[in-house]
Every structure is written in C-alpha cells, then in structure tokens.
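Written out below as structure tokens is the structure these notes cover.
The values are calculated or read from the model by the stated rules, or taken from the named source; none is laboratory data. Keep in mind it's a predicted model, so treat the numbers as computed, not measured. Reconstructed Cβ throughout: ideal geometry from the backbone, glycine too, with neighbour counts over all protein chains shown. For accessibility, only protein heavy atoms count, side chains too; no ligands or nucleic acids. Shrake-Rupley method; radii C 1.70, N 1.55, O 1.52, S 1.80 Å.
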Amino acid sequence: MHFAGKKSGEPIDSKKQSPIVFVNSDSLLENYDYIKQAKKELEEHHQKAEADFNAKGESFQAEIKAFQTKAQSMTPDQIQAAEKDLKAKEDALMQYKDDLTKELAKKEQELDEKLFTSIRDYLKRNVGGKNYNYVLGYTKGGGILYANDSLDITKSLLEGLNKEYKEKK
C-alpha cells in the first residue's frame, strides 16, 4: 500500500509535494475578486428586477382600486369584462415574476459555471510542475472531514486568480 510506511499523525515532509492538495472553497468564494464583482452585478440585476416587478404590482393594485371605485356604476357585463381584464393582467404579472425568477436562476447558474471554469482553467495552466494529481475543494461540513493545513493552496490560488482577473480587466 502506498501510505503503509507513514505513521498516523506524522507530519508531512514539507520538502516533498503532496499529489493531493485542497482549496478552502468558502475562502475562495469570499476573496476571489471576479466572484465578488459578479455577485455585485447579479445583486444589482436582482434589485432592478425586483423594483420593476414592484412597480408593475403597484400599478396593478391601482387598477384594482380604480375598478372597485367604478364598479358600483357599471353594468354586470362591464363588471364581468373588467374582472376578466384584471385577471388577465394578474396572470401576466405572475408570469412576469416567474420569468424574472428563471432569468435570475439562469444568471446564477452561468456565474457558477464561469467561476468553476476560470478556477479549473487556471489550475490546469499553473499546477503543471507541482505534481498535483488532485485539487480537492474543502468546505466546512462538506465531504472532507479533515485537511492538513500544509496541503492548503487557497492563498496561492487566490493570489494567482486575482492577479489574472485584474490583468484581464
């Protein structure tokens, strides 16, 4: 077995590079400038969409109040037509909300994909001489129960990713 000669708890020889290293995913997401900017843009888009939806909702509520005020002087046919029109507008407003939700989810998914791709591509370009076979993502409460800090490459990865991101801007 490959690890048979190493005693449990024995420190890793810092002169040898481990073929398995890890990145603290939480730190990466908090400190990668690209993701910070992308999240900011996504949040701004979300706020604009929410404001637009709220404005449409307020306009719809105003139409309902106007209808309620006029309803007493309307004929039953006019009331029925107005109710049908309001129902169609309400359905359109709910469809608009669903479309906004789907659009935001799609943008988040695209952001996640771009993030993963940028990290993976960076690692492919920059770990060549380091003899890494695996770069694992470590998250508290995730699948990796323990990770030796000497195998943590988060800081160097962040420095490289942020440098590349600034150069591309």
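Annotations for the structure displayed:
- Looking at Lys89, Lys84, Lys107, just one residue is among the charged types (D, E, K, R) and at pLDDT below 95, and that residue is Lys107.
- Listed by first and then second residue, the pairs linking a residue in the stretch 158-169 that is more than 14 Å from Lys36 (Cα to Cα) to a residue that is modelled with pLDDT under 95 and open to solvent by 100 Å² or more (accessible area, probe 1.4 Å), with Cβ atoms under 6 Å apart and 6 or more places separating them unless they lie on different chains, form an empty list.
- Helices (runs of 4 or more DSSP H) lying entirely in the stretch 22-139 (those with 1 or more residues that are farther than 23 Å from Glu164 by Cβ): 33-70, 76-126
- The C-beta contact set for the stretch 117-133 (first residue of a type in the set (Phe, Trp, Tyr), second residue at pLDDT 85 or above, distance under 7 angstrom, 6+ apart or interchain) comprises Tyr122/Gly160; Tyr122/Leu161; Tyr122/Glu164; Tyr132/Pro19; Tyr132/Val21.
- Positions within the stretch 31-79 being acidic (Asp, Glu) and under 22 Å from Gln95 (Cα atoms), in sequence order: Glu43, Glu44, Glu50, Asp52, Glu58, Glu63
- If you go through the stretch 140-169 and pick out every residue that is exposed (fewer than 15 other Cβ atoms within 10 Å of the Cβ) and not aromatic (Phe, Trp, Tyr), you end up with 17.
- For the stretch 38-68, a residue qualifies if it is open to solvent by less than 60 Å² (accessible area, probe 1.4 Å) and touching a residue at least 60 places away in the same chain (Cβ under 8 Å), and the qualifying residues are Ala38, Leu42, His45.
- Residue within the stretch 123-132 that is open to solvent by less than 70 Å² (accessible area, probe 1.4 Å) and among the charged types (D, E, K, R) present: no
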